[in-house]
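Asker: Can you read through this structure? Questions will come right after.
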């Protein structure tokens, strides 16, 4: 529901900065939806310090320089007290200097590569040690000995795969068992690990051929950091080639229940995901969250909103809990000023969310549960492993150069 015009003193403007068009819209539009749902839920219970949340929604359009322009608009023109937004690391890094220069506050909800802690960003996102390394640990426990690294050509996959290269080597995996290729500098140091394709790439025939050859000896898996709608042609080519979860499982870090709505899920049964939330979690808090969101969708009058076949996923939940953490921090600070709000978050605030209790940390990240899930034919995940209360560590000392 879009709030009616209100007197300025009765509302607080809150920015929503996501791609509602372009290659990343497949993922980011749902974050817009969950944020509007959350604002309505909070407004129905009295708002934040007596003020109703007034959302200001802007479209980053999968255009990274445009994200910076929209961030400036939210801060300079709209005077947004906080922004919830960005999906890709390149979009986050595009807006980071804007928020630092202008003293704004951004909540970032999507898994990322770490190696960053801005004073003006709170990362509800999964850090590498809350997604990538637990997934590798699980695959090693399952007897996998060969790891093919595949990602989209930008900072999150590139940095994550360098971290995973060092991590795999530290676990005794020989370098010849790490596929996708390497790039070295003039001194012979590896500066890139894995195979990369551009955003929106559609032709995966050659890469799937390489993966089939890599997996021919058995005990192989794919670590997938492809982002956006390019996952659709990748998995369709994968399924058409005869590969499956038995011959060469894929563990993905950017494919949640939401992305599976556009994939041939019935052909990808057994593929794996690692997130800090799955819709299939059995808890009263999660069932209430899912039911309330679906009910909100039914009565929503947001232009162009999709109402059928909707699901919930980890980035949506991390957006949801981010709003509630911000609300709690504002109320503890008695102020909407970003610096005061961040100071309260750094002290540690807990919220019982759909994925379990999350707690804000001094390093601008969250302590939260981590789950390994196996894809089912309906596009949901069967939880097969849980790691409790994993502290978010943006800097993985000893594993990243």
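Read-outs: derived from the displayed coordinates by stated rules, not from any lab. In this text the structure is predicted, and so the values were computed from the model without any measurement. Every residue, glycine among them, receives a Cβ derived from its backbone with ideal geometry; neighbour counts consider all protein chains shown.
Asker: Based on a Kirkwood Rh over C-alpha pairs, give the Stokes-Einstein translational diffusion coefficient of the stretch 170-215 at 25 °C and viscosity 0.890 mPa s in µm²/s.
Answerer: Details: Rh = 12.6 Å.
Rounded to a whole number, D works out at 195 µm²/s.
Asker: When the expected Rg is taken as 2.2 N^0.38 Å, what fraction or multiple of it is the alpha-carbon Rg of the chain? Present the calculation step by step, with values, prior to reporting the outcome.
Answerer: Details: Rg = 20.6 Å, N = 401, 2.2 N^0.38 = 21.5 Å.
In units of the globular-protein estimate, the chain measures up at 0.96.
Asker: On to the next question. Looking at the stretch 252-401, what % of the alpha carbon pairs are farther apart than 26 Å?
Answerer: On the way: 4005 of 11175 pairs.
That tail contains 36 percent of the Cα-Cα pairs.
Asker: Mind ordering 62-75, 11-24 by average Cβ neighbours within 10 Å, highest first? Write down the numbers at each step before the final one.
Answerer: Details: 62-75: 20.4, 11-24: 22.0.
Ranked from most to least packed, the peptides come out as 11-24, 62-75.
Asker: Helix 25-44 versus the longest principal axis of the chain: what angle, 0 to 90°, nearest 10, using Cα atoms?
Answerer: 30
Asker: Could you please state, rounded to a whole Å, how far the C-alpha centre of the stretch 264-335 is from the C-alpha centre of the stretch 119-174?
Answerer: 25
Asker: While we're on this one: So which residue, out of 158, 267, 213, gets the largest mean-square fluctuation from a GNM of the chain using Cα contacts under 10 Å as springs?
Answerer: Among 158, 267, 213, the largest mean-square fluctuation in the Gaussian network model of the chain belongs to 213.
Asker: Working from Cα positions, state the angle (0 to 90°, nearest 10) between the long axis of helix 314-333 and the longest principal axis of the chain.
Answerer: It is inclined by approximately 40 degrees.
Asker: Another question, then. For the stretch 276-346, rounded, prolate or oblate, judged on the Cα gyration tensor with a ≥ b ≥ c (square roots of eigenvalues), a/c < 1.5 rounded, else prolate if a/b > b/c? Mind showing how you got there, number by number?
Answerer: Details: a/c = 2.77, a/b = 1.75, b/c = 1.58.
Because a/c hits 1.5 or more and a/b exceeds b/c, the stretch 276-346 counts as prolate.
Asker: Rounded to the nearest 500, what is the chain's calculated 222 nm mean residue ellipticity when only DSSP H runs of at least 4 contribute -39500 (n - 2.57) each, over all residues? Don't skip to the answer; put the middle values down first.
Answerer: Values: 11 runs with 139 residues, N = 401.
Per the formula, -11000 deg cm²/dmol.
Asker: Using the Cα gyration tensor of the stretch 110-259, with a ≥ b ≥ c the square roots of its eigenvalues, what is the shape: rounded (a/c below 1.5), prolate (a/b larger than b/c) or oblate (neither)? Kindly include the intermediate steps, with their values, before the conclusion.
Answerer: Details: a/c = 1.43, a/b = 1.20, b/c = 1.19.
Judged from the Cα gyration tensor, the stretch 110-259 comes out rounded (a/c under 1.5).
Asker: Which angle between 0 and 90 degrees, to the nearest 10, do you get for helix 205-214 versus the longest principal axis of the chain when only C-alpha atoms count?
Answerer: In the chain, helix 205-214 runs at an angle near 60 degrees to the longest axis.
Asker: Using a Gaussian network model on the chain with a 10 Å cutoff between Cα atoms, which of 363, 120, 189 fluctuates the most?
Answerer: Looking only at 363, 120, 189, the largest GNM fluctuation is found for 189.
Asker: Using packing as a proxy for protection, rank 78-84, 387-393 so that the peptide with the highest average count of other Cβ atoms within 10 Å comes first.
Answerer: Working: 78-84: 23.0, 387-393: 16.0.
Output ranking for 78-84, 387-393: 78-84, 387-393.
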